[in-house]
Amino acid sequence: MKNKVVIITGAGSGIGEATALLFAKEGAKVVVSDINDETGEEVVKRIEKAGGTASFFKADVASAAENKALVDFSIKTYGQLDVAVNNAGIGGEANKIADMTLEGWHRVIDVNLHSVFYGMKYQIEAMLKNGQGSIVNISSILGSVGFEGSAGYVAAKHALNGMTRTAALEYSGQGIRINSVGPAFIDTPLLDQLDDEIKKQLISLHPIGRLGRSKEVAELILWLGSDKASFATGSYYPIDGGYLAR
């Protein structure tokens with residue numbers, strides 16, 4: 001990844017943070033993007049302290065304009081865009097469909113689906129100018145199965161996978177590879193709101209006997225973003241501790 005320019009959204013914590021640190025360790029120039037200034041700036045400081053190169057750009061991925069501004073910032077700062085990791089997302093409202101609020105539905109679709117369309121739209125425009133690039137969209141195991149109480153999240157992740165495949169068909173012939181990664185339940189701040197009993201129940205869904213770790217997901221993202229994955233495009237890669245094997 002030496003001297004490659006990489007955008008990572010939702011990079012202030014969890015999978016995004018681990019991915020930013022790993023890409024920077026491998027020599028990439030990382031644009032750390034998050035809606036939280038404090039956590040995003042802290043990740044940049046950690047990268048720089050380790051001898052890497054990074055900059056922070058605050059962006060709400062649910063905004064098309066802010067996605068464009070993020071890409072523009074990357075090009076202005078580092079001259080190009082080679083890899084984009086569309087990671088930012090939320091769990092969203094936990095309710096059955098008949099009980100879900102319209103606001104809750106629209107919010108999770110905006111952040112988890114519309115954001116990836118906005119990101120790819122402007123990322124692809126920039127990559128076409130380079131004649132190459134790799135986009136990794138962070139989906140979920142729930143991009144291929146259902147989960148009670150999470151209709152909005154499940155719908156967004158299923159749609160994300162379909163959009164990823166379509167984008168790959170459209171642009172792989174022009175040097176841009178596009179894939180999605182489907183983590184199972186990962187031990188990130190997103191799960192901090194759950195009590196211990198619910199966490200135990202989640203662990204029991206994974207034959208491997210534990211939750212995933214952010215660094216494990218970051219390693220897969222790194223591979224997909226690198227030239228080592230030069231023949232990988234249009235695919236969905238679960239990393240799930242056996243969750244989908246049941």
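Restricted to helices (runs of 4 or more DSSP H) entirely inside segment 26-111, those with at least 2 residues that are without any contact (Cβ under 8 Å) to a residue 12 or more places away in the chain and closer than 24 Å to S134 by Cα are 64-78. For segment 12-25, the set of residues classified as touching a residue at least 60 places away in the same chain (Cβ under 8 Å) and assigned to a helix (DSSP H, G or I) consists of G14, I15, G16, E17, A18, T19, L21, L22, F23, listed by residue number.
Given the residues D60, D72, which is the only one that is surrounded by 15 or more Cβ atoms within 10 Å (Cβ to Cβ) and under 20 Å from the mean Cα position of the chain (by Cα)? Before you say what the answer is, go through the steps one by one.
Details: D72 fails: surrounded by 15 or more Cβ atoms within 10 Å (Cβ to Cβ).
Matching residue, one of D60, D72: D60.
Return a yes/no flag: does segment 121-129 have any residue that is farther than 30 Å from L205 by Cα, at pLDDT 95 or above, under 15 Å from the mean Cα position of the chain (by Cα) and part of a helix (DSSP H, G or I). So far as segment 121-129 goes, yes, one or more of its residues are farther than 30 Å from L205 by Cα, at pLDDT 95 or above, under 15 Å from the mean Cα position of the chain (by Cα) and part of a helix (DSSP H, G or I).
When A159 is tested against (1) surrounded by fewer than 20 Cβ atoms within 10 Å (Cβ to Cβ); (2) at positive phi, just one condition goes unmet, and that condition is (2). Select from segment 193-205 the residues that are surrounded by fewer than 11 Cβ atoms within 10 Å (Cβ to Cβ) and assigned to a loop (DSSP other than H, G, I, E, B) and list them in ascending order. Listed by number, the residues that qualify are Q193, D195.
In segment 75-121, of all residues being loosely packed, with under 15 Cβ neighbours inside 10 Å and among the basic types (K, R), the one that is nearest to V154 (Cα to Cα) corresponds to K96. All of P238, P207, P189 fail the test of being touching a strand residue (DSSP E or B) at 6+ places or on another chain (Cβ under 9 Å) and not β-branched (V, I, T), apart from P238.
Would you point out which residue out of G146, G152, G182 is assigned to a loop (DSSP other than H, G, I, E, B) and touching a helix residue (DSSP H, G or I) at 6+ places or on another chain (Cβ under 7 Å)? So that I can check it myself, show each step before the final result.
Values: G152 fails: assigned to a loop (DSSP other than H, G, I, E, B); G182 fails: assigned to a loop (DSSP other than H, G, I, E, B).
Exactly one of G146, G152, G182 is assigned to a loop (DSSP other than H, G, I, E, B) and touching a helix residue (DSSP H, G or I) at 6+ places or on another chain (Cβ under 7 Å), namely G146.
Just so you know, in segment 1-39 the residues that are acidic (D, E) and within 17 Å of A50 (Cβ to Cβ) include one that is farthest from the chain's Cα centre (by Cα), and it is E26.
Among the residues of segment 216-239, are any under 13 Å from S134 (Cα atoms), of a type in the set (F, W, Y) and not in a helix (DSSP H, G or I)? Yes, there is a match, as at least one residue in segment 216-239 is under 13 Å from S134 (Cα atoms), of a type in the set (F, W, Y) and not in a helix (DSSP H, G or I). Please name all residue pairs, on different chains or six or more residues apart, with Cβ atoms under 7 Å, provided the first residue is in segment 130-155 and is surrounded by fewer than 24 Cβ atoms within 10 Å (Cβ to Cβ) and the second residue is of a type in the set (K, R). Pairs found: L142/K157; G149/K96. With respect to (1) at pLDDT 95 or above; (2) assigned to a helix (DSSP H, G or I), the lone exception for L190 is condition (1). Summed over segment 206-235, residues that are surrounded by fewer than 19 Cβ atoms within 10 Å (Cβ to Cβ) and under 19 Å from K157 (Cα atoms) total 2. Just one of (1) crowded, with 22+ Cβ neighbours inside 10 Å; (2) free of Cβ contacts under 8 Å to residues at least 40 places away in the same chain; (3) under 19 Å from I176 (Cα atoms) fails for K2. It is (1).
I need a count of the residues in segment 156-171 that are more than 14 Å from V85 (Cβ to Cβ), touching a residue at least 40 places away in the same chain (Cβ under 8 Å) and not polar (S, T, N, Q). Lay out the reasoning, then the answer.
Start the filter on segment 156-171 by keeping residues that are more than 14 Å from V85 (Cβ to Cβ), which leaves 156-159, 161-163, 165-171.
Remaining after also requiring touching a residue at least 40 places away in the same chain (Cβ under 8 Å): 156-157, 159, 161, 163, 165, 167-169, 171.
Filter once more, so that each one left must be not polar (S, T, N, Q): 156-157, 159, 163, 165, 167-169, 171.
Residues flagged as more than 14 Å from V85 (Cβ to Cβ), touching a residue at least 40 places away in the same chain (Cβ under 8 Å) and not polar (S, T, N, Q) within segment 156-171 amount to 9.
Would segment 114-125 turn up any residue that is charged (D, E, K, R), out of contact with any Pro (no Cβ under 9 Å at 6 or more places or on another chain) and under 27 Å from D192 (Cα atoms)? For segment 114-125, residues charged (D, E, K, R), out of contact with any Pro (no Cβ under 9 Å at 6 or more places or on another chain) and under 27 Å from D192 (Cα atoms): absent.
The values are calculated or read from the model by the stated rules, or taken from the named source; none is laboratory data. In this text, all values refer to a predicted model and were calculated from it rather than measured experimentally. Reconstructed Cβ throughout: ideal geometry from the backbone, glycine too, with neighbour counts over all protein chains shown.
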